[in-house]
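Have a look at the structure below before the remarks.
The values are calculated or read from the model by the stated rules, or taken from the named source; none is laboratory data. Here the structure is a predicted model, which means the values were calculated and not measured. Positions of Cβ are backbone-derived with ideal geometry, glycine not excepted, and every protein chain shown enters the neighbour counts. For accessibility, only protein heavy atoms count, side chains too; no ligands or nucleic acids. Shrake-Rupley method; radii C 1.70, N 1.55, O 1.52, S 1.80 Å.
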Amino acid sequence: MTIRHNLSIKITSVKFILVVGTLLSGCASTRQIVLDHPSTQVSQFQPLQGFQVIDGDDYYVRLISEFDFKGENVLKNGCTNMAPSYEKGDLSAALIYSVRNEALKFSREATGFLYQATTGKCNFTFDAKKLYLTPWIRLDSGKETMVDYNFYTNANSDVDVSGLVGNVNAASNLLALTGVGMGVAIMGQVAGQWVKSNQQAATAAATPVPHQSVKHSSESHSLPAATAFLGKIGTLNQTIFKVYDVAEGGFNLLGSDTKQLGELKIYPEILPSLLLKTTADGIPDARDLSFEEIGYSPIKSAAGDINLQQLIEQSKHPAKPNLKPNWNNYQEVEGNCRKLKLVMKDLGFNKFDRNAVIYYFLAKNGDWNNYNISRQKTQGEDMRPKVIEAYRSKNFANCLATDDYAVMKAMGLPVNTPSDWDQMGEASHKKEQLFTPLKSIERQLVAVLKNSNKTEMEQQLFPLLSTAKNGDGSVLLQNHLGDFGLGLLLNPPVVSAVPAPEEVSVDPVASAVAPIPGEGVIVSARQLAQVFSGLSLNELSCARPVPDSLGKSAGILLFTTKEGSVRIKGGAMEFEFSGGKIARIAFQLSTYRDFEQDLLDRPEIGGCRIDPAFLTKLH
């Protein structure tokens, strides 16, 4: 708060000057209430954990007036010291605050204390209740709150101080109790409409009419700033008035007849959230809520209690949002998100409460959930870079800034910051680089398998195959699919009993083929083309990395066969490759290496998703 120091009193050689309350003359049986000039006690507050500076949007502040009684219990002494029999008229003294915030168009007057005494023994009252001078105000607005105080006294009925106090109290019936579960009294640009009528009444009723009686005194001053912050340092300034009663003349302040009644304190209180619980480190916790739950938060207004959702819906704000948009329409949801953000800010809510409400508002939207997808899920489902970029593109940038996501994350909400997306994108691109060779081999192999011309198949296979032992055009062939006649496919029966010598073509590899051993046998591109052609392939799936392939580059695809094929229904084909060449092909059951479970655990990997119905055809 920017508080003006307008004290024009010059300090003399006296150690302190007391503002004399009730000026009574001549009578020994008098009592006066006097007020020392205020002093200030300073305490510091820091940025919340995880935040580098205090920006004014992370705290709320409110001002409280409270009297700390330090005197004796006069009733035990028969009131002889504190309240002697008075021979003159009514005595009264009051301290009245004038509180205002020009930016929020907020002003009110409130009574710090009221003292009254009349003729007769023990006929006095001293009223100094705890008082909330302001509702909760966001710190960046609250620092602009200014407080003046006025101290009034009179020795008889020249000025009706008690009547003045009554008018002030009636006119300043402002939001008082606050706290989660009790209702939140908050002040912002829009919330100012709640107390507008009260402000006007307070201004009219609480303005005293000066009186020229020598038996009336008054004094007005401005208090020092209650809060200030810059960078990492914030200060809270507590103002303290020492209140004395003076008996037997009133000016002998150092004598035994001067006693301290107590201290009147005005202090600021700060809080990081009004709608949420706070963790041990001071950060609000926004987890495990819903938009409906947070919308039920009670708000206190001059017109009575209202919940947060009703407050937003009944707001006169020009950007009032539709809280039930078409959740499948990204632009409509994003637009209402922005409106909700503006209304919440103008109502006076800080960044924690605003972003908690916004998060649960957006939680019903699919694009919001995609944008905040977990890194584990993107890796588990092996999402392609294009999918990740599509999710990231709908980042609600017209509503939320990078700082908003950081605040949500600090409150324990599962959101992705730009750095999270950068890491997911980088991981996805790295995986894509691993899948690129697999996809290249898959495309070439599938083109071979779909070709019905055996000669062309051989021509396509030759540059695709290579083993360290036999070089290009050769591949290690293994069979773990059962005895389906693979030997016959490699060595078909001779059609002519006595072929012409020039027509005999002896393949040195084929001539050595016997029943295929467990470790497999190296075959040529021609022989492999014979096998593929003889299988009569029907449907082919996409290729996926082989689960637990121990660091080797290996893929697997599923195939079905046509009626009359040597292999009923179909199976799986595993291929191991290196340097763009296939070195090993193995016929497998679809359950080999727990392939079916891998499909359940990771429905899509490397852009390949195999329908469970495809597996059913193989059983």
Open item on the list: If a residue counts only when it is under 19 Å from Leu476 (Cα atoms), which helices (runs of 4 or more DSSP H) contained entirely in segment 518-619 have at least 3 such residues?
Closed with: 525-535
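So that you can scan it fast, the table gives a plain yes or no per residue for (1) assigned to a loop (DSSP other than H, G, I, E, B); (2) under 24 Å from Asp601 (Cα atoms); (3) in contact (Cβ under 8 Å) with a residue 60 or more places away in the chain; (4) among the aliphatic types (A, V, I, L, M):
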site	(1), (2), (3), (4)
Pro321	yes, no, no, no
Trp327	yes, no, no, no
Glu334	no, no, yes, no
Arg338	no, no, yes, no
Asp353	no, no, yes, no
Tyr360	no, no, yes, no
Asn369	no, yes, no, no
Lys377	no, yes, no, no
Glu389	no, yes, no, no
- [ ] Please determine, by comparing only the residues of segment 367-386 that are open to solvent by 40 Å² or more (accessible area, probe 1.4 Å) and touching a Phe, Trp or Tyr at 6+ places or on another chain (Cβ under 9 Å), which one is modelled with the lowest pLDDT.
- [x] Arg384
Open item on the list: Is it the case, given these coordinates, that Gln32 is out of contact with any Lys or Arg (no Cβ under 8 Å at 6 or more places or on another chain), modelled with pLDDT of 50 or more and either assigned to a loop (DSSP other than H, G, I, E, B) or open to solvent by 50 Å² or more (accessible area, probe 1.4 Å) (or both)?
Closed with: no
Task: Subset tally (residues that are more than 16 Å from the chain's Cα centre (by Cα) and either within 30 Å of Ala363 (Cβ to Cβ) or among the basic types (Lys, Arg) (or both)) for segment 420-448 - done: 13
TODO: Name, by its number, the condition in (1) within 33 Å of the chain's Cα centre (by Cα); (2) of a type outside the set (A, V, I, L, M, F, W, C); (3) at pLDDT 80 or above that does not hold for Gln193.
DONE: (3)
Task: Residue list for segment 291-308, restricted to those being open to solvent by less than 40 Å² (accessible area, probe 1.4 Å) and of a type outside the set (A, V, I, L, M, F, W, C) - done: Gly295, Ser297, Ser301, Gly304, Asn307
- [ ] Identify the residue in segment 95-111 that is within 30 Å of Lys345 (Cβ to Cβ) and in contact with an Asp or Glu (Cβ under 9 Å, 6 or more places away or on another chain) and, among all such residues, is surrounded by the fewest Cβ atoms within 10 Å (Cβ to Cβ).
- [x] Glu102
- [ ] Could you run through segment 522-541 and say how many residues are open to solvent by 30 Å² or more (accessible area, probe 1.4 Å) and either over 13 Å from Asn453 (Cα atoms) or aromatic (Phe, Trp, Tyr) (or both)?
- [x] 4
Task: Identity of the residue in segment 313-336, in contact with a helix residue (DSSP H, G or I) (Cβ under 6 Å, 6 or more places away or on another chain) and closer than 17 Å to Tyr359 by Cα, that ends up surrounded by the most Cβ atoms within 10 Å (Cβ to Cβ) - done: Pro321
- [ ] Take Asp548 and decide whether it is exposed (fewer than 15 other Cβ atoms within 10 Å of the Cβ), without any contact (Cβ under 8 Å) to a residue 24 or more places away in the chain, acidic (Asp, Glu) and within 21 Å of Thr378 (Cα to Cα).
- [x] no
Open item on the list: Six or more apart or on different chains, Cβ atoms under 6 Å: show the pairs whose first residue is in segment 592-619 and within 14 Å of Arg544 (Cα to Cα) and whose second is of a type outside the set (A, V, I, L, M, F, W, C) and in a strand (DSSP E or B).
Closed with: Pro603/Arg609; Ile605/Arg544; Cys608/Arg544
Task: Glu502 acidic (Asp, Glu), part of a helix (DSSP H, G or I), open to solvent by 70 Å² or more (accessible area, probe 1.4 Å) and modelled with pLDDT of 90 or more - done: no
- [ ] Can you run down the residue pairs with Cβ atoms below 9 Å, 6 or more apart or on separate chains, where the first is in segment 39-53 and within 30 Å of Leu264 (Cβ to Cβ) and the partner is outside any strand (DSSP E or B) and open to solvent by 70 Å² or more (accessible area, probe 1.4 Å)?
- [x] Gln46/Lys232
Open item on the list: Taking the conditions exactly as written (open to solvent by less than 30 Å² (accessible area, probe 1.4 Å) and either closer than 30 Å to Ile585 by Cα or outside any loop (DSSP other than H, G, I, E, B) (or both)), does Val448 satisfy them or not?
Closed with: yes
Task: Residue check for Leu24: at pLDDT 50 or above and under 28 Å from Ser220 (Cβ atoms) - done: no
Open item on the list: Restricting to segment 274-290, name every residue that is surrounded by fewer than 19 Cβ atoms within 10 Å (Cβ to Cβ) and under 13 Å from Phe361 (Cβ atoms).
Closed with: Ser290
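A quick yes/no check of all residues on (1) over 30 Å from Ile516 (Cβ atoms); (2) of a type in the set (Ser, Thr, Tyr); (3) in contact with a helix residue (DSSP H, G or I) (Cβ under 7 Å, 6 or more places away or on another chain):
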residue	(1), (2), (3)
Ser374	yes, yes, no
Phe396	yes, no, yes
Asp403	yes, no, no
Pro414	yes, no, no
Gln433	yes, no, no
Gly471	no, no, no
TODO: Tell me, please, whether a residue that is modelled with pLDDT of 70 or more, touching a Lys or Arg at 6+ places or on another chain (Cβ under 6 Å) and either open to solvent by 50 Å² or more (accessible area, probe 1.4 Å) or hydrophobic (A, V, I, L, M, F, W, C) (or both) can be found in segment 112-125.
DONE: no
Task: Matching residues, segment 324-356, being of a type in the set (Lys, Arg) and under 17 Å from the mean Cα position of the chain (by Cα) - done: Arg338, Lys341, Lys345, Lys351, Arg354
- [ ] Taking Asn369 as meeting all but one of (1) closer than 20 Å to Glu292 by Cα; (2) more than 17 Å from the chain's Cα centre (by Cα), write down the number of the exception.
- [x] (2)
TODO: Out of the residues in segment 394-428 that are part of a loop (DSSP other than H, G, I, E, B), of a type outside the set (A, V, I, L, M) and open to solvent by less than 40 Å² (accessible area, probe 1.4 Å), state the one that is modelled with the lowest pLDDT.
DONE: Thr417
TODO: Tell me, please, whether a residue that is under 23 Å from Leu464 (Cβ atoms), open to solvent by 70 Å² or more (accessible area, probe 1.4 Å) and modelled with pLDDT of 85 or more can be found in segment 607-618.
DONE: no
Open item on the list: Quick test of your reading of the structure: Glu456 fulfils all but one of (1) surrounded by 16 or more Cβ atoms within 10 Å (Cβ to Cβ); (2) closer than 30 Å to Leu537 by Cβ; (3) not hydroxyl-bearing (Ser, Thr, Tyr). Name the failing condition by number.
Closed with: (1)
